[in-house]
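Asks: Let me give you the structure first, and then I'll get to my questions.
No lab work stands behind these numbers, since they all come straight from the coordinates. The structure presented is a predicted model; accordingly, all values stated were derived computationally and were not measured. Cβ placement follows ideal geometry from the backbone for every residue including glycine, while neighbour counts extend to all protein chains displayed.
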Amino acid sequence: MQIKGYSNKEMSRIALGTHLGDVNDEVSASYRNAIKYAVQNGIYTIDGAINYRGMRSEKDEGIAIRELIESGIVKREDIFVTSKAGLLFGDITERMNPKMYLENILKPQGITESDFSEYDGLRQTLNPAFYEIALNKSLENLGLETLDLHYIHIPEITRAGMDETVFYDEMEKLFAWYEGKVTENKIRNYGIALEFMGEEPEDVKWHFELEELKRHADIVAGGKSHLKYVIFEYNMLCPYPQTVLSQHVNGKALTLAEACHKLGFKTVASMPLAMGDALKEHSLNELLEFALDGCDHIIVGSKNVEHIKELLSFLK
């Protein structure tokens, strides 16, 4: 049975990411312990995606969340849970890689190769029918009735092969689907999880205007859309969201981060430690301070309780 309810809190300033790691039992056990420790000690936002570790990250999150709630340690409203969809995914526990999942599960439901755009091994789509399947599977994996936040994952991949006007129209159709899921109480809010617009803001093939996206979201929602969050990479090795004038709002050139705030979006920094590379030249505290100074929230991936203790020490 799915756990009812949703968070009564805003996203925590630091969220625990679940992206990296092997798909073995040892890593899963580490993630479950890390999630339970983090939630009990102040890092109550768990950031995931259906494609992380072949769905295994979501399933590990679901087990940890259920154990916390059933033990009475926390309530559903104490935890902020996110996921993402848009990239083709597999199911490692069912021994299906993404290609097999497409053939065996998605194609019988009308999703084909033609729905996806490909870049560097990633396949992305804006087809609402795919998001319907992905969201329902994520809720099943997590054991939840409602997600606090769901992201459109790396839409730049589709944008790169699509006329910009057509892209906005396709996103509007997807926004209409999202607003329907809010009405159905399957999600509370939704967002955009960017990658290349943050890393390569001057490459025009990835580009779209957030102001125009917000306009389309407001069209389908009668001016009050639930499009609320934008993720992008931001760290000392990738400062571009705060330095490059890549967006426009009311005709004025702004950075990606500035445009988000001008449009009322919360900003979320992914990879604040630059996958560990930035730790070669900077301390953990320097990197966390930099990321939190530039964004409203950050996601730090960890399956290590000792690392989480370091994060909590910084928060104090």
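Asks: For a test of the definition: using alpha carbon positions, the gyration tensor, and the 1.5 limit on a/c, classify the stretch 86-175 as rounded, prolate or oblate.
Replies: It is oblate, given that a/c is not under 1.5 and a/b is not larger than b/c.
Asks: Cross-link partners among lysines for residue 181, C-alpha distance below 22 Å, same-chain residues fewer than 8 apart left out?
Replies: 4, 9, 59, 84, 137, 173, 214, 224, 228, 266
Asks: Can you sort 28, 313 by how many other beta carbons sit within 10 Å, fewest first?
Replies: 313, 28
Asks: Could you give each residue of the stretch 205-211 its phi-based ³J(HN,Hα) in whole Hz, using Karplus coefficients 6.51, -1.76, 1.60 with θ = phi - 60°, and x for Gly or Pro?
Replies: 5, 8, 6, 8, 9, 4, 4
Asks: Could you check how many percent of all C-alpha pairs in the stretch 184-316 are farther apart than 17 Å?
Replies: Percent of Cα pairs beyond 17 Å in the stretch 184-316: 61.
Asks: Only counting other Cβ atoms within 10 Å, I'd like 152, 35 sorted with the fewest neighbours first.
Replies: Starting with the residue having the fewest Cβ neighbours, the order is 152, 35.
Asks: Would you work out which of 240, 177, 187 lies farthest towards the positive end of the dipole of the chain? Charges go on Cβ: Lys and Arg +1, Asp and Glu -1.
Replies: After comparing all options, I get 187.
Asks: Rank these for me by crowding, 206, 177, going from fewest to most other beta carbons within 10 Å.
Replies: Exposure proxy ranking, most exposed first: 177, 206.
Asks: Taking the Cβ of residue 97 as the centre, find all other residues whose Cβ is under 14 Å away and add up their charges (Lys, Arg: +1; Asp, Glu: -1).
Replies: +2
Asks: In addition: Taking only C-alpha pairs under 8 Å that are 6+ residues apart, what is the relative contact order of the stretch 14-315 in percent?
Replies: 18 percent
Asks: Would you please give the residues with an amide H less than 5 Å from that of residue 192, counting only those at least 5 places away or on a separate chain, with H modeled from the backbone geometry?
Replies: Amide H neighbours of residue 192: 152, 229, 230, 231.
Asks: Assign unit charges at the C-beta atoms only (+1 for Lys and Arg, -1 for Asp and Glu), then state the dipole size of the stretch 14-315 relative to its Cα centre in Debye, rounded to the nearest 20.
Replies: About 760 debye.
Asks: Going highest first, how would you order 44-53, 116-125 by mean Cβ packing within 10 Å?
Replies: Output ranking for 44-53, 116-125: 44-53, 116-125.
Asks: Could you give the Stokes-Einstein D for the stretch 82-133 in µm² per second, using the C-alpha Kirkwood radius, 10 °C, 1.306 mPa s?
Replies: 141 µm²/s
Asks: In whole Å, how far is the Cα centre of the stretch 271-316 from that of the stretch 23-94?
Replies: Cα centroid of the stretch 271-316 versus Cα centroid of the stretch 23-94: 20 Å apart.
Asks: Once you order the gyration tensor axes a ≥ b ≥ c over the Cα atoms, which shape class does the stretch 216-274 get: rounded for a/c under 1.5, otherwise prolate or oblate by comparing a/b with b/c?
Replies: Oblate, since a/c reaches 1.5 and b/c is not below a/b.
Asks: Using a Förster distance of 41 angstrom, determine the FRET efficiency expected from the C-beta separation of residue 10 and residue 103, and round it to 0.05.
Replies: Calculated value: 0.50.
Asks: Moving on. List, in order, the whole-Hz ³J(HN,Hα) value for each residue of the stretch 162-175 obtained from phi through the Karplus relation with A = 6.51, B = -1.76, C = 1.60 and θ = phi - 60°; use x for Gly and Pro.
Replies: 3J(HN,Hα) across the stretch 162-175, in whole Hz: 9, 4, 4, 5, 4, 4, 4, 5, 5, 5, 4, 4, 5, 4.
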